[in-house]
Amino acid sequence: MNVEVRQHFAALAVAVARNRDQTAFSELFDFFAPRLKSFLMRQNAGVTEAEEVVQEVMVILWQKAHLYDPEKSSLSTWLFRIARNRRIDAARRQRNGTLSAHEPLLLPAAPLAPDELIESEDREQIVRIALEKLPVEQVTLIKMAFFFGQSHSEISAATGLPLGTVKSRIRLAFGKLRALLEAGGVDSAY
């Protein structure tokens, strides 16, 4: 998420905190609710549980937006932290207070081994080089979808391209990217 987008969301949160601005809240809800739900489902929450936690998080945003401090973190970091904590609380309640110390949500991510880290960096470099071989408009759409987390509909609205065009260009870009990577047609600097 780029700096301008972060600042925009922070301003919307301030509008919710100071003025109970429903339009600002609606925009925040539309953007963050699906992302929070997806995040929670990747953390093994069921659909119903994920939706309930998202509702709790969004109620907290509405009622306690004044607690958000843009100097300390981005709004997305704040909301995702609340979602994670609510998910842990729900797991505790579900297990009647018997939460294992080995609960995956409570464990920090294991650091990568040095060889895995180098392999990961090499892979990232190869993908970057392959991306440079794609047309600019396709790279832009890929970045919007996967780096900024925008849905195809949001990309369509932002670019003015028809939804079908956005989907087909992203599909085409991935096809080209896959072909480049599988053919080894990426000359790296190594």
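Below, the figures for the structure above:
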{"item": "Length gained when the stretch Trp62-Val47 is fully extended (0.36 nm per residue, less Cα-Cα span)", "result": "3.2 nm"}
{"item": "Cα gyration tensor of region 1-87 - equivalent ellipsoid semi-axes, whole Å, descending", "result": "21, 13, 11"}
{"item": "Restraint check, Lys37/Lys133; Lys143/Lys176; Lys37/Lys176; Lys64/Lys143, Cα-Cα greater than 23 Å", "result": "Lys37/Lys133; Lys37/Lys176; Lys64/Lys143"}
{"item": "GluC sites (Glu not before Pro) within region 1-89, DSSP loop, no more than 16 other Cβ atoms inside 10 Å", "result": "Glu71"}
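Readers should treat all values here as calculations from the given coordinates under stated rules, not as data from a laboratory. Model, not experiment: these values are computed from the prediction. Don't worry about glycine lacking a Cβ; one is built from the backbone with ideal geometry, like all the others, and counts go over all protein chains shown.
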